[in-house]
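**Q** What follows is a single structure, and I will ask about it in a moment.
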Amino acid sequence: MSLRSLQARHAQQILGNANGVAEPVTYRFKSGAADRTFNAVVKRLFLEPSTPQSRPVKVRRCDVEIVRDETVGVLATSPGDAILLPVGIGEVAAVCRITRVLSQDHAQIVVQVTEQ
């Protein structure tokens with residue numbers, strides 16, 4: 001077994017496991033492809049100013065760890081894609097725009113999303 005396939009297997013077991021820290025999210029493709037629901041790890045961040053100069057307007061952000069897989073995750077992200085997830089624990093899922101890819105390897109993609 002190669003290191004890449006081992007990474008992929010571990011990512012599916014850890015990131016995709018709803019009995020652990022993962023939770024269901026829905027990935028919405030800008031291309032119009034069907035939405036895909038899968039488990040991902042969501043790290044909720046504090047409110048941050050939308051720009052350094054604007055203090056009153058706050059933006060809620062999350063980092064989302066996604067398995068790199070065509071069935072239980074996504075293989076790649078595209079500008080304009082979004083993820084539906086509860087931004088706060090116990091809240092109703094909201095559309096969150098992917099603002100940037102933080103990291104990626106052969107097993108996972110970590111994106112930062114901003115609540116719209």
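**Q** State all residues of the range 81-100 that are surrounded by fewer than 18 Cβ atoms within 10 Å (Cβ to Cβ) and of a type in the set (Gly, Ala, Ser); if no residue qualifies, say none.
**A** Across the range 81-100, the qualifying residues are Gly88, Gly90, Ala93, Ala94.
**Q** Among the listed residues Ser103, Ser78, identify the single one that is loosely packed, with under 12 Cβ neighbours inside 10 Å, over 12 Å from the mean Cα position of the chain (by Cα) and polar (S, T, N, Q).
**A** Only one candidate passes the filter, namely Ser78.
**Q** Give Val21, Val41 a once-over and let me know the one that is open to solvent by less than 50 Å² (accessible area, probe 1.4 Å), β-branched (Val, Ile, Thr) and either in a loop (DSSP other than H, G, I, E, B) or modelled with pLDDT under 95 (or both).
**A** Val41
**Q** Could you give me the residue pairs with C-beta distances under 9 Å whose first residue belongs to the range 22-44 and is under 18 Å from Ala107 (Cα atoms), whose second residue is acidic (Asp, Glu) and not in a strand (DSSP E or B) wherever it lies, and which are 6+ apart or on separate chains?
**A** If the second residue must be acidic (Asp, Glu) and not in a strand (DSSP E or B), the pairs left are Tyr27/Asp35; Tyr27/Asp81; Phe38/Asp69.
The values are calculated or read from the model by the stated rules, or taken from the named source; none is laboratory data. None of these values were measured; they are calculated from a predicted model. We place every Cβ from the backbone using ideal geometry, glycine too, and count neighbours over all the protein chains shown. We work out accessible area using only protein heavy atoms, side chains counted, and drop any ligands, DNA or RNA first. Shrake-Rupley method; radii C 1.70, N 1.55, O 1.52, S 1.80 Å.
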